[in-house]
Amino acid sequence: DVAFLLRPEHQKQVARILSDPEASENDKYVALTFLRNAEVSAKGLLPFCQDTGTAIITGKKGQRVWTDGCDEEALSKGVYKTYTEENLRYSQNVPLDMYKEKNTGCNLPAQIDLYAVEGGEYKFLCIAKGGGSANKTYLYQETKALLTPEKLVPFLVEKMKTLGTAACPPYHIAFVIGGTS
C-alpha cells in the first residue's frame, strides 16, 4: 500500500493549500495535481510516484517467537513477489565492477534489519525509500559561531532552497547538528 496510498492527514494538509490566501496560483495547481494523482494511485494500479523505492524492513522479534527457517529469506521472497507482481518499478542496482552497474530486475536486495526484543510478538515496519533523495545529503562544517537563532535559521533556509525538486513528495527534511564527520 505504501506505493499507492498517502496518509489522510497528509492529503488534508495538501488540500489546505487550495484555500490558503497566501498560496500562489502555481501552488494551488501543484496541490490539485498532487491530489488528483493521489486519487488515481489509490485505485492500486498506478503507484503515486514512478520511483517505488528500495524495500526497507525493520523487524522486532520477541524472544518467545519461534520461526522455522530463515526469516530474511522469507522477507526477501515477499519483497520479490510484491515488486514482480504489482506495477512497481525496479529501483535496485548492483555493481558489476568499479565503473558499471545494472538493475537487478526484481528490486532485491532489500534492506532487512531484524532485532531480538522481549515479548511474544513479531512486529515489522516496512518502508519504500525512494532513490530521489539519495543524492540530497550534504555536510556543512561550520564554526560554533553559527549556533544562534539569528544566524542558524537563515543559514538553514538558504541551504534548504538549494535542494531542488529531484524527488517525489512528500518531502521530509532533517537537519542534524553536531556529532563527528
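Could you size up the charge dipole of the chain around its Cα centre, putting +1 on the beta carbon of Lys and Arg and -1 on that of Asp and Glu, and report it in debye to the nearest 20? Walk me through the intermediate numbers first.
Values: 21 positive and 22 negative charges, 30 e Å.
With Lys and Arg at +1 and Asp and Glu at -1, about 140 debye.
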Per q in 0.13, 0.17, 0.19 Å⁻¹, report the Debye log10 I(q)/I(0) for the stretch 54-130, using one uniform scatterer on each alpha carbon and no solvent.
-0.47, -0.72, -0.83
Tell me the mean residue ellipticity at 222 nm calculated for the chain from its helices only (DSSP H runs of n ≥ 4, each -39500 (n - 2.57), averaged over every residue, nearest 500).
-9500 deg cm²/dmol
So which lysines can Lys129 reach, going by Cα to Cα under 30 Å and dropping same-chain residues fewer than 8 places off?
Lys12, Lys28, Lys43, Lys60, Lys61, Lys77, Lys81, Lys100, Lys102, Lys159, Lys161
Please give me the summed charge of the neighbours of Lys151: other residues whose Cβ is under 14 Å from its Cβ, Lys and Arg +1, Asp and Glu -1.
-1
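Below 8 Å between Cα atoms, with a sequence gap of 6+, how large is the relative contact order for the chain in percent?
On the way: 206 pairs, mean separation 44.5, N = 181.
Over the chain, the number comes to 25 percent.
Net charge near Glu121, counting Lys/Arg +1 and Asp/Glu -1 over other residues with Cβ under 11 Å of its Cβ? Present the calculation step by step, with values, prior to reporting the outcome.
Details: positive: Lys60, Lys61, Arg64, Lys123; negative: Glu118.
Summing Lys/Arg as +1 and Asp/Glu as -1 gives +3.
Which length gain, in nm to one decimal place, applies between Gln13 and Trp66 when the Cα-Cα distance is subtracted from 0.36 nm times their residue separation? The partial results should precede the final answer.
Working: separation 53, 0.36 × 53 = 19.08 nm, distance 4.22 nm.
Using 0.36 nm per residue and subtracting the Cα-Cα distance, I get 14.9 nm.
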Estimated FRET transfer efficiency when R0 is 25 angstrom, pair Thr180-Val117 (beta carbons, to 0.05)
0.30
Taking every pair of Cα atoms in the chain, average 1/r, invert it to obtain the Kirkwood radius, and report Rg/Rh to two decimals.
1.03
Please report the antiparallel percentage of the DSSP beta bridges confined to the chain, to the nearest 5.
60 percent
Using DSSP loop states and a limit of at most 16 other Cβ atoms within 10 Å to flag chymotrypsin sites (Phe, Trp or Tyr not before Pro), what is the longest stretch of the chain containing no flagged site?
1-65
Calculate how steeply helix 25-41 sits against the longest principal axis of the alpha-carbon atoms of the chain, using the helix alpha-carbon long axis, and give the answer as 0 to 90 degrees to the nearest 10.
10 degrees
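A short reminder: the numbers here are calculations on the coordinates, not readings from a lab. The structure presented is a predicted model; accordingly, all values stated were derived computationally and were not measured. Neighbour counts are summed over all protein chains in view; Cβ atoms, including those assigned to glycine, are modelled from backbone coordinates with ideal geometry.
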